[in-house]
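What follows is a set of notes on a single structure, which appears directly below.
What follows draws every value from the coordinates through simple rules; no lab data is involved. Since this is a predicted model, take the numbers as computed values, not measurements. Cβ sites come from the backbone with ideal geometry, for glycine too, and all protein chains shown count toward neighbours.
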Protein chains: 2
Amino acid sequence: MANPDPPLDPAQLADPTNSIGYLTRIAFRSFSRAMERRTLPFGVSAGQWRFLRHLWMEDGVTQRQLSHKVGTREATTVTAINSLVRSGWVERAPSRTDRRKIHIRLTGRAKTLQADLLPIVAEVNALATRGIAVRDLATFRRVLTQINANLAEEAADPLVQGEDV
Amino acid sequence: MANPDPPLDPAQLADPTNSIGYLTRIAFRSFSRAMERRTLPFGVSAGQWRFLRHLWMEDGVTQRQLSHKVGTREATTVTAINSLVRSGWVERAPSRTDRRKIHIRLTGRAKTLQADLLPIVAEVNALATRGIAVRDLATFRRVLTQINANLAEEAADPLVQGEDV
DNA sequence: GCAAAACCCATAGAACCCTAAGGATATTGA
DNA sequence: TCAATATCCTTAGGGTTCTATGGGTTTTGC
């Protein structure tokens, strides 16, 4: 039960090859570049793609909901949506029941785009994971999800310490 | 021989929870935030930190070498070094044997900083990996390294195929 | 030698993302 | 009721990173 508790000592972490931060940054940036290279011909930037994908799953959500799903701050979401509106991929639709809220809706053009772009993620994922055993990939996804959960606690508002109480 | 070849089908990748790009982006950003929260009191931003850590391992390298090590484009390195110079962490030193090259050297202040900042990576890494088995973490690092290698090929200049030696 | 190529750093311009603070609307509680 | 609080979006300002391009410097090839 006692957790293995496996911290590398600081000396080892001087070598960034061992750091979660370094490894995930390189992976994220490489992945992002590989994606954008393929989506740009369709007129979709990397930043736009991230939001479009979520809207394909659930259209008409509010900006705040979208922020939570995509994993960006709300100010960032505002910028991204401005960009999507400029490109004609989405429209802002004020809520009729709560004038604070604004729903984001895909345009017709954006909906048809899904069929073109979705295979691209699959392609880049396949490229990225080439030569890696299915079993190891499953472990990889599970660990990464756990890491994100661990760090999400840290990111929570510092005042929320009790939460329960 | 025959690689398991485990691509998820496109439909599954519509859910970003399964996408390498999504998972690594969230991890990278969370990690970066957790780091910066701790280094900012020392006057070091997240971007500066990445370069300082490499310089602690190998001081006096050229800007191009530093770019390779840190994993950023050279234009990005220029910006980062400008920032480090402004903050008094490094100095530019033109090479005496090749006037194209510029070596980057840590200032005295920056060297003493190492003792303060290195434990911080260890702390954040420990936080991020809490509750994860050592064995799984090893798999995680191995897979992530492989993914980076796979994507690096994609990013390489299409002309550089041999590199031989 | 010397022109062509390679190499190294820098600038320009833009995209992305953040924190901090503000404005408008809705809800809560005395 | 109505002031305090919470919620939701936005703006302001700055940092990080990219691609594309240019300006010096060195090396290469004839």
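Tell me yes or no: at least one residue of the range A:99-112 is within 16 Å of DNA strand C (Cβ to nearest atom), surrounded by fewer than 13 Cβ atoms within 10 Å (Cβ to Cβ) and more than 10 Å from chain B (Cβ to nearest Cβ). Within the range A:99-112, one or more residues are within 16 Å of DNA strand C (Cβ to nearest atom), surrounded by fewer than 13 Cβ atoms within 10 Å (Cβ to Cβ) and more than 10 Å from chain B (Cβ to nearest Cβ).
Look at A:A115 and say whether it is more than 7 Å from chain B (Cβ to nearest Cβ), without any contact (Cβ under 8 Å) to a residue 60 or more places away in the chain, among the small types (G, A, S) and more than 15 Å from DNA strand C (Cβ to nearest atom). Judged against the criteria, A:A115 is a match.
Counting the residues of the range B:70-115 that are among the charged types (D, E, K, R) and in contact with a Pro (Cβ under 8 Å, 6 or more places away or on another chain) gives 1. Residues in the range B:17-66 that are without any contact (Cβ under 8 Å) to a residue 40 or more places away in the chain, β-branched (V, I, T) and near DNA strand C (Cβ under 10 Å from one of its atoms): B:I26 alone.
For the range B:74-90, a tally of residues being more than 8 Å from DNA strand C (Cβ to nearest atom) and charged (D, E, K, R) returns 1. Contact annotation: residue pairs with Cβ atoms under 8 Å, 6 or more positions apart or on different chains, pairing a residue in the range A:139-154 that is at the interface with chain B (Cβ under 7 Å from one of its Cβ atoms) with a partner that is of a type in the set (F, W, Y) and crowded, with 17+ Cβ neighbours inside 10 Å, are A:T139/B:F140; A:F140/B:F140; A:V143/B:F140; A:L144/B:F140; A:L151/B:F31. Note on the range A:53-164: enclosed helices (runs of 4 or more DSSP H) holding 2 or more residues that are closer than 21 Å to B:D15 by Cβ and more than 16 Å from DNA strand D (Cβ to nearest atom) are A:108-128, A:134-155. In the set (1) away from chain A (no Cβ under 14 Å); (2) touching a Leu at 6+ places or on another chain (Cβ under 7 Å); (3) polar (S, T, N, Q), B:N82 fails one condition alone, (2).
Scanning for something closer than 30 Å to B:N125 by Cβ and facing chain B (nearest Cβ under 7 Å), does the range A:39-46 turn up at least one residue? No; the residues of the range A:39-46 include none that is closer than 30 Å to B:N125 by Cβ and facing chain B (nearest Cβ under 7 Å). Here B:G43 clears all of (1) under 15 Å from B:L117 (Cβ atoms); (2) more than 12 Å from DNA strand D (Cβ to nearest atom) except the condition numbered (2). Selection of the range B:78-92 for residues being of a type outside the set (S, T, N, Q) and exposed (fewer than 13 other Cβ atoms within 10 Å of the Cβ) yields B:R86, B:G88.
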